[in-house]
Amino acid sequence: MLEVKGLTAAVDGKTILNGLDLTVRAGEVHAIMGPNGSGKSTLCQVLAGRDGYEVTAGSVRYLGQDLLEMAPEIRAREGLLLSFQYPVEIPGVKNVYLLKAAYNAMRKHRGEPEADAFEFMALVREKMRLMKMDESFLHRSVNSGFSGGEKKRNEILQMLVLEPKLALLDEIDSGLDIDALKIVADGINRLRDPNRAIVMVTHYQRLLDYVEPDVIHVLYQGRIIRSGDKTLAHELEARGYQWLIDEVAA
Ligand code: ADP
Ligand code: MG
Ligand code: MG
């Protein structure tokens with residue numbers, strides 16, 4: 001699904017990713033952890049194709065294609081979706097219109113006819129029930145005045161509707177209370193599928209109690225310094241990062 005090799009990327013001339021390797025197969029869930037400022041969000045943005053991030057070395061294959069050659073909107077249509085650490089507010093654009101436009105763009109790309117309004121609303125209502133979101137959220141501007149937890153639930157709602165092949169979730173669990181965390185985790189678990197991969201950036205072991213990853217990576221200074229199974233997350237929770245950084249340095 002995704003093969004990142006030696007990825008080196010800079011923002012404003014400053015190298016942030018520094019020879020990063022990552023391989024993700026269909027059906028897998030990966031967690032990326034690591035200290036603040038290690039490049040986790042930068043990795044997500046580079047994969048999504050955000051402007052201003054300059055790839056200076058390395059390669060990224062996505063479903064057999066050269067991802068770095070693809071425009072951001074093509075990446076999205078090809079099923080690579082990023083949920084933001086800080087979801088943007090879009091005043092004046094109704095949530096339901098954004099969802100419908102994105103959903104129909106995906107369908108068109110797959111050569112399927114546009115969904116009619118009735119069919120689309122039935123789908124969205126079903127997904128909103130899963131996320132325990134009230135229908136009024138459809139008629140509000142995207143994320144405008146949403147609480148932190150509501151924004152994160154809205155991100156997962158988008159994923160459930162758009163059905164990405166590769167979902168990148170950047171700190172989807174930040175700022176969530178326990179109930180919202182469980183709802184978001186349930187949503188992520190519903191996304192689990194043999195034909196889909198999920199990469200979630202998180203600072204907290206707690207999310208991993210609900211969404212069990214196949215692989216955990218530690219990102220530090222722009223590269224992955226250790227990969228392991230969920231016991232690695234428990235070890236990090238108990239001991240922090242410094243021991244690992246020392247071990248790798250030695
Ligand atoms: P993480 O998500 O792991 O906390 P980030 O990817 O957000 O880390 O940031 C990694 C480093 O890149 C930090 O030192 C951050 O200050 C820097 N950085 C990120 N975005 C920019 C930017 N637009 N301009 C300059 N530095 C940036
Ligand atoms: Mg951070
Ligand atoms: Mg970040």
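Screening the range 122-147 for residues that are more than 21 Å from ILE172 (Cβ to Cβ) and at pLDDT 95 or above and picking the one that is most open to solvent (accessible area, probe 1.4 Å) gives ARG125. Just one residue in the set LYS14, LYS40, LYS5 is within 16 Å of ligand 3 (Cβ to nearest atom) and open to solvent by 30 Å² or more (accessible area, probe 1.4 Å); that residue is LYS14.
Taking the criterion of being over 13 Å from HIS30 (Cα atoms), surrounded by fewer than 19 Cβ atoms within 10 Å (Cβ to Cβ) and at pLDDT below 95, would at least one residue in the range 197-204 satisfy it? Yes, some residue in the range 197-204 is over 13 Å from HIS30 (Cα atoms), surrounded by fewer than 19 Cβ atoms within 10 Å (Cβ to Cβ) and at pLDDT below 95. Considering the conditions (1) without any contact (Cβ under 8 Å) to a residue 60 or more places away in the chain; (2) farther than 22 Å from LEU43 by Cα; (3) away from ligand 3 (no atom under 16 Å from the Cβ); (4) open to solvent by less than 60 Å² (accessible area, probe 1.4 Å), LEU191 is excluded by exactly one of them, (2).
Working only within the range 44-87, note down all residues that are closer than 21 Å to ILE188 by Cα, open to solvent by less than 60 Å² (accessible area, probe 1.4 Å) and assigned to a helix (DSSP H, G or I). CYS44, GLN45, LEU47, ALA48, ARG75, ALA76 - these are the residues of the range 44-87 that are closer than 21 Å to ILE188 by Cα, open to solvent by less than 60 Å² (accessible area, probe 1.4 Å) and assigned to a helix (DSSP H, G or I). Where residues in the range 148-186 are small (Gly, Ala, Ser) and at pLDDT 95 or above, which of them is farthest from ligand 1 (Cβ to nearest atom)? In this case the residue turns out to be ALA185. Being closer than 15 Å to PRO72 by Cβ and within 14 Å of ligand 1 (Cβ to nearest atom) is the requirement here; does VAL46 meet it? The answer is yes for VAL46. Need the failing condition index for GLY34 against (1) touching a residue at least 60 places away in the same chain (Cβ under 8 Å); (2) open to solvent by 20 Å² or more (accessible area, probe 1.4 Å); (3) within 16 Å of ligand 3 (Cβ to nearest atom), just the number. If we test GLY34 against (1) touching a residue at least 60 places away in the same chain (Cβ under 8 Å); (2) open to solvent by 20 Å² or more (accessible area, probe 1.4 Å); (3) within 16 Å of ligand 3 (Cβ to nearest atom), just (2) comes out false.
Of the residues making up the range 17-31, just one is of a type in the set (A, V, I, L, M) and open to solvent by 40 Å² or more (accessible area, probe 1.4 Å), namely ALA26.
The values are calculated or read from the model by the stated rules, or taken from the named source; none is laboratory data. The structure presented is a predicted model; accordingly, all values stated were derived computationally and were not measured. No Cβ is skipped: glycine too gets one built from the backbone with ideal geometry, and neighbour counts run over all protein chains shown. Surface areas here come from the heavy atoms of the whole protein model, side chains and all, with no ligands, DNA or RNA. Shrake-Rupley method; radii C 1.70, N 1.55, O 1.52, S 1.80 Å.
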